[in-house]
Amino acid sequence: MKIGDKVSFLSEKGGGVVAGFQGKNIVLVEDEDGFQIPTPITEVVVVAAGQDYETSRIVAQKQEGAPERRKGVSIRQLMKQGQDEEVDMAVEDTVDLEKPLTFMAPVEERQGGNQLSCFLAFVPIDIKEVTNTRFEVYFVNDSNYFVQYAYMTAEGSSWTLRSRAEVKPNTKFYIEEIGRESLNEMLHLAVQMLAYKKDRPFAQKPPIEVQLRLDPVKFYKLHTFQDNQFFDTPALLYAIVENDRQVRPLFVDAKALKQEMYKQPEEGKKAIERRPDDKDTLVVDLHIDQLLDSTEGMKHQDILQYQLKKFREVLEKNKDRHGKKIIFIHGKGEGVLRHAIINELTYRYRRCQYQDASFQEYGYGATQVIIR
């Protein structure tokens, strides 16, 4: 007997289709009205081709010597007749409610869901009282994959596991409720993930580990919480992986950063330098996104020192090339980098002549230096 077989009841009229099994001894028979009737497997018989429910029942009774009616009252009779008698739990057709349902409907997939996208969501319980409300934390699985996650926080080098679970495809999973008093314990978060499918072939996704920096100040600002497709109320979403692209880590290894800042530039790698039509002019872009792939984990002072380091490297490299013209593009911004460059030129590189570069060619955020 298997799911989809047409079966007949032995001790009463009618039957249905096998929809699943409950434990080893109970079969779920779905009738014409869509009800799933738990029935002992010994009380049903598969309907052969050309037979109806009644013929199959009579044939089975004659072969097995089964009684025409059970002594107890069946659950199906109670459901149909609406009687109030108590069900005799000693009768073999009663349901063992402690046994888990083993039948599970196949997971429905959506178009575009085979690219992995998962988020950590913080949802205000009362968005109108954002300065006083508590927050619900959810794991959002916006993909066709099952995802096992581990969600943890760190205090120094010590980690604490806050939640782990398996999340079904295209669902959101409630993790916990927090208040602002908990935010200082959650400044450093990490999420580890493993994605897979259970009932069909799938493209393998690599294991994911992402560390996030939580900014408590954001939880006091209404504009932090944005409308989104996952919740009916505005929420703060932190992407873990989006369209199969893992977010960059928000914590940078301090030792690796120091090595990167002080290592000598490699030959042939001059990404910050470009030459205009004038072959005697060197243009150096000091915007930090041109110098580093990521600045996450760096403070403003770290970024400024890295830009000044590149500025000094260029001047030291060209200090003997008298008459050499160099354009440093630093951007307008708040003028912090420009002020630092002028200070360097005034006190450290006094032999260099400087002025604002051509606005038509480089805009307001550039300084021209001539080596003397």
| task | Roll a 1.4 Å probe over the protein heavy atoms and report the accessible area of F146 in Å², nearest 10. | result | 10 Å²
| note | The answer for S163, listing residues at least 5 apart or on another chain whose modeled amide H is closer than 5 Å to its amide H, is Y151
| remark: With x for Gly and Pro, the residue-by-residue ³J(HN,Hα) of segment 123-140, computed from phi through the Karplus equation 6.51 cos²θ - 1.76 cosθ + 1.60 at θ = phi - 60° and given in whole Hz, is 10, x, 5, 10, 5, 6, 10, 4, 7, 10, 6, 9, 10, 9, 10, 10, 9, 9
| message | Expected output is a single nm value to one decimal: the length gained when fully extending between A239 and Q301, i.e. 0.36 nm times separation in residues minus the C-alpha distance. What is it? | response | 19.6 nm
| Amide H to amide H under 5 Å from I240: which residues, 5+ apart in sequence or cross-chain, H placed 1.01 Å off N in plane? | C118, F119, L120
| query | Counting Lys and Arg as +1 and Asp and Glu as -1, what is the net charge of the other residues whose Cβ lies under 10 Å from the Cβ of F122? | reply | 0
| To the nearest 10 Å², what's Y349's accessible area with a 1.4 Å probe? | 30 Å²
| remark: Per-residue accessible area, 1.4 Å probe, largest first, puts E316, E155 in the order E155, E316
| task | Take M152, project a point 7 Å from its Cα along the Cβ direction, then tell me which residues of segment 204-227 have their backbone nitrogen under 18 Å from it. | result | 207-214
| What distance in nm separates the simple spin-label points at E209 and I342, each placed 7 Å from Cα in the Cβ direction? | 4.8 nm
| query | Can you run phi through the Karplus equation (6.51, -1.76, 1.60; θ = phi - 60°) for segment 289-304 and list ³J(HN,Hα) in whole Hz, with x for Gly and Pro? | reply | 6, 8, 9, 10, 5, 8, 10, 5, x, 8, 7, 4, 5, 4, 5, 4
| query | Tell me, what is the FRET efficiency for T133 and Q229 to the nearest 0.05, using R0 = 22 angstrom and their Cβ-Cβ distance as r? | reply | 0.50
| remark: Once all protein chains are kept in place, V336 shows an accessible area at probe 1.4 Å, nearest 10 Å², of 80 Å²
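Would you mind getting me the FRET efficiency between W159 and R312? Use the beta-carbon distance for r and R0 = 41 Å, nearest 0.05. Provide the component values of the computation, followed by the final result.
Working: r = 40 Å, r/R0 = 0.97.
According to the calculation, E is roughly 0.55.
The values are calculated or read from the model by the stated rules, or taken from the named source; none is laboratory data. Note that the structure is predicted; figures quoted are calculated from it, not measured. Using ideal geometry, Cβ is built from the backbone for each residue, glycine included, and neighbour counts are taken over all protein chains shown. What goes into the accessible areas is simple: the full protein's heavy atoms, side chains included, and nothing from ligands, DNA or RNA. Shrake-Rupley method; radii C 1.70, N 1.55, O 1.52, S 1.80 Å.
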